[in-house]
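Below is one structure, written out as structure tokens; the observations come after it.
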Amino acid sequence: MRIDSRKKIRHVSGENIILMQADGMADLTQVVAFNESALELYNQLNGREFSDEDVVRAITDTYDVDEATARADAAAWVKNMREQKLILD
């Protein structure tokens, strides 16, 4: 899988967001906000192919969590990114 490079994170009013595009126009009803850990994963994995295991490894390398917690967090992050159409398979 790969993060959709057409979507860019912007820092606006202290928030890290992606404004989802609709027909070349910004649709302000669709904003995806990233917390610090979601942004960290996005930055680590952006620009390359990655697997679920790569997400788990990024979490365990960055945060002091056990593997079971990292797997659950990785699955949630990937699910949310897919739901927002930010990951291409």
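The values are calculated or read from the model by the stated rules, or taken from the named source; none is laboratory data. These numbers come from a predicted model, not from an experiment. A quick note on method: Cβ atoms are made from the backbone with ideal geometry, for glycine too, and the neighbour counts reach across all protein chains shown. These area figures cover heavy atoms from the full protein model, side chains too; ligands, DNA and RNA do not enter into them. Shrake-Rupley method; radii C 1.70, N 1.55, O 1.52, S 1.80 Å.
Assorted remarks:
- Enumeration of residues in the range 64-87 that are exposed (fewer than 13 other Cβ atoms within 10 Å of the Cβ) and either in contact (Cβ under 8 Å) with a residue 24 or more places away in the chain or under 22 Å from GLY14 (Cβ atoms) (or both): LYS85
- Contact annotation: residue pairs with Cβ atoms under 8 Å, 6 or more positions apart or on different chains, pairing a residue in the range 28-48 that is closer than 13 Å to THR62 by Cα with a partner that is open to solvent by 60 Å² or more (accessible area, probe 1.4 Å) and not polar (S, T, N, Q), are SER37/TYR63; SER37/ASP73.
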